[in-house]
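A.B. asks: Let me give you the structure first, and then I'll get to my questions.
Read-outs: derived from the displayed coordinates by stated rules, not from any lab. Quick caveat: nothing in here was measured; it's all calculated off a predicted structure. All Cβ positions, even for glycine, are placed from backbone atoms using ideal geometry, and neighbour counts span all protein chains on display.
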Amino acid sequence: MLTGKTIILGVSGSIAAYKSAEIIRRLKDLNANVRVIMTVNAAKFIGEITLQTLSQNPVYINMFHDSGSLEDSLPHITISDTADLFLVAPATANIIGKVASGIADDLLSTTLLSTGNKPILMAPAMNERMYKSHIYKHNEKKLQIAGVRFINPEYGKLACEEEGEGRLASVDSIIQHVVDVLIEGDLFDTYDLKGKRVLVTAGGTREYIDPVRFIGNPATGKMGFALAHTAQVRGANVTLISGKTLLAPPESVKYISVETADQMGKAVLDNFKHADILVMAAAVGDFKPKRTEKNKIKRKGMLKIDLEPTDDILEKLGKIKNSRITVGFAAETNNLIKNARTKLKKKNLDLIVVNDVTQPDAGFESETNIVKIIDKSNNVEELPKRTKEEVAHRIWDRIVDLINKNKGA
């Protein structure tokens, strides 16, 4: 995903510096070239040799070297020249304050000031009192005005044993921000979904048998959340409706949490009238108990539960869609193409995305997916194993093609 990209990782003096090793490993997994600049204080928290081994590049700490090479004598210029993106993680209040004030008294601050117009990402890590201080907020605002992007820290237990905001963002979040910035720069300068109102569903539904038991499925919401996030990256105004999940919703999307198929149906119908595009990635249950017991059912041998079908949300919407684009998902175990084509026609969809949930790395709870995308002309596009973010971007590519085709019609 990041082949050919060079990322400069700045590591400043925070206990969270130990996470820089995992950041490097994850970036290398995406084929990025990673070059590391550490502050003197950062080197007290994590070893230079560790980061050099992981990055497979020299690690720079000091402003001046005596090797005689041009790169060693002017590293703040030569290193910044190679960068596609500059990531500072962790970014202390000190390094943020320095750059905001134009101070360049070590290699990291000097290189940051010499990056020109290249994107800079800062991932702050500090005590909550520092993070919420007026001085820090003033410095962060100055850098944001200058075009620096910030990856908000998390709430949690801090190094000082206090709880609060200021803990370095998760490595997943940091990597995703890096990917988003570089993808935006390469592919989406024009934000091809800008102004589009997108409705995405995610996760599985639950149908309660009694107050403590339900019928459900293993859906985690990862595919739907990836679709919502990537739509936002491409400029869309996104509403995300999800069943119960452990995932944090993407920032700046309208988020609606539901549990049952009926709740999902109502939320989708309420929001569909305001949407231009619907992508129904949720795994909505097909059946629900005819009766939900008010009290917990006690164990008494065999239990018989009568089930009835839930409403088919997409079939309902297919009858009132008008010019809206609707995309469905089909989780299948056999006859993928045949079953998907039947659903595509029955539900009046523009595209359907089908996968074999019995296949390794393609089913529920997986970080990757292997799908086929089928259109109204029965054309089948097969995608080999990709991350769910990559699959999501390909789905949006196809939707943008439909938008442009409709414009030309």
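A.B. asks: What's the longest bit of the chain with no exposed GluC sites (Glu not before Pro), using DSSP loop states and at most 16 other Cβ atoms within 10 Å as the test?
C.D. replies: 1-160
A.B. asks: What is the antiparallel percent of DSSP beta bridges lying wholly in the chain, to the nearest 5?
C.D. replies: 30
A.B. asks: For K288, what residues show an amide H to amide H distance below 5 Å, using hydrogens built from the backbone and excluding near sequence neighbours?
C.D. replies: Here E308, T310 satisfy the definition.
A.B. asks: Simple spin-label model, 7 Å along Cα-to-Cβ: K300 to I320 in nm?
C.D. replies: 4.2
A.B. asks: Using only Cα atoms and rounding to the nearest 10 degrees, what angle (0 to 90) does helix 134-145 make with the longest principal axis of the chain?
C.D. replies: The angle comes out near 80 degrees.
A.B. asks: A further question follows. Which residue, N139, N335, N237, has the most motion in a Gaussian network model of the chain that connects Cα atoms within less than 10 Å?
C.D. replies: Taking springs between Cα atoms under 10 Å, the residue moving most is N335.
A.B. asks: Can you give the FRET efficiency for E365 and H134, using 1/(1 + (r/R0)^6), R0 = 60 Å, r = Cβ-Cβ distance, to the nearest 0.05?
C.D. replies: Computed FRET efficiency for E365 and H134: 0.85.
A.B. asks: If you fit an axis through the alpha-carbon atoms of helix 222-233 and take the longest principal axis of the Cα set of the chain, what angle between them do you get, 0 to 90°, nearest 10?
C.D. replies: 60
A.B. asks: Using helices alone, I'd like the mean residue ellipticity at 222 nm for the chain: each DSSP H run of four-plus residues gives -39500 (n - 2.57), total over residue count, nearest 500.
C.D. replies: Rounded to the nearest 500, it is -10000 deg cm²/dmol.
A.B. asks: Placing unit charges on C-beta atoms (Lys and Arg positive, Asp and Glu negative, everything else neutral), compute the dipole magnitude of the chain about its Cα centre in debye, rounded to 20.
C.D. replies: That gives the chain a dipole magnitude of about 1980 debye.
A.B. asks: So for region 6-186, averaging the separation of alpha carbon pairs under 8 Å that are six or more residues apart and normalising by length, what relative contact order in percent results?
C.D. replies: Relative contact order for region 6-186 comes out at 22 percent.
A.B. asks: Report the extension gain between I215 and I337 in nm, rounded to one decimal, defined as 0.36 nm multiplied by the number of residues separating them, less their alpha carbon distance.
C.D. replies: 41.2 nm
A.B. asks: Moving to a separate point now. Go ahead and set up a Gaussian network model of the chain, Cα springs under 10 Å, then flag whichever of K296, K194, K372 fluctuates most.
C.D. replies: Between K296, K194, K372, it is K296 that shows the largest mean-square fluctuation.
A.B. asks: May I ask you to derive the FRET efficiency for D270 and K157 from their Cβ-Cβ distance with R0 = 30 Å, giving the value to the nearest 0.05?
C.D. replies: E between D270 and K157, to the nearest 0.05, is 0.20.
A.B. asks: Based on the Cβ-Cβ distance of E308 and K141, what FRET efficiency does E = 1/(1 + (r/R0)^6) give at R0 = 45 Å, to the nearest 0.05?
C.D. replies: According to the calculation, E is roughly 0.20.
A.B. asks: Another question, then. Take every DSSP beta bridge whose two residues both sit in region 191-408, then give the antiparallel share in percent to the nearest 5.
C.D. replies: 40
A.B. asks: Specify the angular offset, from 0 to 90 degrees and rounded to the nearest 10, of the alpha carbon long axis of helix 388-408 from the longest principal axis of the alpha carbons in the chain.
C.D. replies: Helix 388-408 sits at roughly 70 degrees to that axis.
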